[in-house]
1. Any idea how many residues of the range 25-51 are touching a Lys or Arg at 6+ places or on another chain (Cβ under 8 Å) and surrounded by fewer than 17 Cβ atoms within 10 Å (Cβ to Cβ)?
2. Please go through the range 76-93 and pick out each residue that is out of contact with any helix residue (DSSP H, G or I) (no Cβ under 7 Å at 6 or more places or on another chain) and crowded, with 24+ Cβ neighbours inside 10 Å.
3. Which residue, of Thr465, Thr448, is surrounded by fewer than 20 Cβ atoms within 10 Å (Cβ to Cβ), closer than 16 Å to Gln423 by Cα, at pLDDT 90 or above and of a type in the set (Val, Ile, Thr)?
4. Does any residue of the range 105-121 turn out to be closer than 30 Å to Asp79 by Cα, more than 24 Å from the chain's Cα centre (by Cα) and in contact (Cβ under 8 Å) with a residue 12 or more places away in the chain?
5. Listed residues Thr13, Thr56; which is surrounded by fewer than 22 Cβ atoms within 10 Å (Cβ to Cβ), outside any strand (DSSP E or B), hydroxyl-bearing (Ser, Thr, Tyr) and modelled with pLDDT under 95?
6. Would you point out which residue out of Ala117, Ala2, Ala98, Ala102 is at pLDDT below 95 and within 24 Å of Gly144 (Cα to Cα)?
7. Any chance the range 303-310 includes a residue that's of a type outside the set (Asp, Glu) and modelled with pLDDT of 90 or more?
8. Among the strands (runs of 3 or more DSSP E) confined wholly to the range 365-430, which include 1 or more residues that are surrounded by 24 or more Cβ atoms within 10 Å (Cβ to Cβ) and out of contact with any helix residue (DSSP H, G or I) (no Cβ under 8 Å at 6 or more places or on another chain)?
Amino acid sequence: MAAALNVTEPCSTGLGGDCFCLFYEAATKTVKGLNGSGRAPAKLTLDLLCSQGFSTDCPPPPFHAHNVTVPGAAAGWVDTIEHFGSKKLSLLEILQPAIQLAEEGFPVTHVTAYHWAKGAALLQYQANTHGGDLLIQGKAPREGEIMKNPHLAHTLRELASKGKSGFYQGRIAQAIADAVLEHGGVLSLDDLGSHTSTLVDPISVDYRGVRVWEIPPNGQGITALMALNIVEGFDMKEFGHNTADYFHVLIEAIRLSFADSLWHCADMSKVKVPVDKLLSKDYAAQRRQLINMDSAMEEPRRGDMASGNDTVYFSVVDGEGNACSFINSNYMGFGTGLVPKACGFTLQNRGANFSLQPDHPNVVSPGKRPYHTIIPAMVTDSRTDDLLMSYGIMGGFMQPQAHVQVLLNMIEFGMDPQQALDQPRLCVGPGHEGAVGSVALEQGIHPTVMEKLKAKGHEVVGPITGHGRSLFGRGQIVTKGAFWLAEGDVRVANDKRVLWSGSDPRADGLAIGF
């Protein structure tokens, strides 16, 4: 699916980006993780950037070649299959449907056409020699138009036949290094050849009888877990769904969590991240005391990150009860927009999330992974360790916020997966591009809620409508049984033979069983 999405939605994802995976192994009832994110080039130092005139106040532009970190997706795909796959299919068999899509073409869908056109300028500028490979006669494909990508088909065939070496060595690696060098970056063949994915131990917290799992830093999943710990001390159901008081608590919990994660969330192989303390219930209680129900707090911000919300996510549960929660992204749409020669994909700009502040845990450094926004999630039963849900909501800094909102919709208000995804959401800056300190409200939230939030001192933007609603993330859910009915119809709730699913109306996805 990740490969097929690279073909059909290159304006969000691809081999030039990164990926993360959470895997539930039914036989052992354990959750495992894979970090498929890339690292900064060996020559990308803070001194180099400063010598070129960049600084904390004036970092490299978001689409600069310095923001190309090693693309981790190709290795992530192969390693996910190797460590978590059934071994029943070869890599070629797995990639063949995507290869066929790229060779024979596919009709571009409605939402994808919009985002493709929105990012087309990156592909069209003259210095991007091969940007036209992802256009039709120099323009973004329209909705319903057939798009082919023979270069990507060839790239996928090389990956299928040679494995990781087919991407990180040889023709493709050389094309990547050449594209970055041509545009002023420093990514080298050695950087590509030394890349590896990392198996990680997922982090988790308990929330009202369920255990919520996330990838550890450098991923921002810890933000969602901290927010859940904070809101657990309130009777969220008593506030009522999407009321002003309900949203007020959510906003403050999210702000408090981001204040911590934007500082502490960094590459744990390079810096010490106090994960245990940040996720402790005692620490959550301390942070919770800062919330005043009558007024918005003055939020202390350690540091803000660049904003992007273009990613793809999918969730799968197989017949044996195993589950995969998988996310893949270029970061900002087409990433940098740079297209390596005859490769058919763009290179990410994930390095835009590095800090240039010397004492910051996330300061740019050779071989370091940057703060990462893309986060898959999973939910298990706290008592039995049974799988309850595999889910994720793509959308930059909106992701942990949406993880919390969708989960609360189900646990506190008894919504099924589709209902939980359908509900209007809020987005706290820095997810909203208009103003870092603002709160964006989606169409469908009652106007009086907006006025009451303003009265509490929140800077509110909205209602956000149309394609702008992609700001609030685009999610997918698969559950085993109906855990949201635990206090109602226990017989239905506990029947793990039944898979429930939902697909976000803000995207072109779907829920399907076969």
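1. Step one: filter the range 25-51 for residues touching a Lys or Arg at 6+ places or on another chain (Cβ under 8 Å), giving 25, 35, 37-40.
Subset that is surrounded by fewer than 17 Cβ atoms within 10 Å (Cβ to Cβ): 25.
The number of residues fulfilling the criteria is 1.
2. Passing the criteria: only Gly76.
3. Working: Thr448 fails: closer than 16 Å to Gln423 by Cα.
One residue alone meets the criteria, Thr465.
4. Yes: the range 105-121 contains one or more residues that are closer than 30 Å to Asp79 by Cα, more than 24 Å from the chain's Cα centre (by Cα) and in contact (Cβ under 8 Å) with a residue 12 or more places away in the chain.
5. Numbers: Thr13 fails: surrounded by fewer than 22 Cβ atoms within 10 Å (Cβ to Cβ).
The conditions single out Thr56.
6. On the way: Ala117 fails: at pLDDT below 95; Ala98 fails: at pLDDT below 95; Ala102 fails: at pLDDT below 95.
Answer to the selection: Ala2.
7. Applying the first criterion (of a type outside the set (Asp, Glu)) to the range 303-310 yields 303, 305-309.
Next, from what is left, pick out any that are modelled with pLDDT of 90 or more: none.
Checked the range 303-310: no residue is of a type outside the set (Asp, Glu) and modelled with pLDDT of 90 or more.
8. Values: elements: 377-381, 387-394, 426-428.
Fully inside the range 365-430 and qualifying: 377-381, 387-394.
The values are calculated or read from the model by the stated rules, or taken from the named source; none is laboratory data. Bear in mind that the values here come from a model prediction, so they are computed numbers and not experimental data. Every residue, glycine among them, receives a Cβ derived from its backbone with ideal geometry; neighbour counts consider all protein chains shown.
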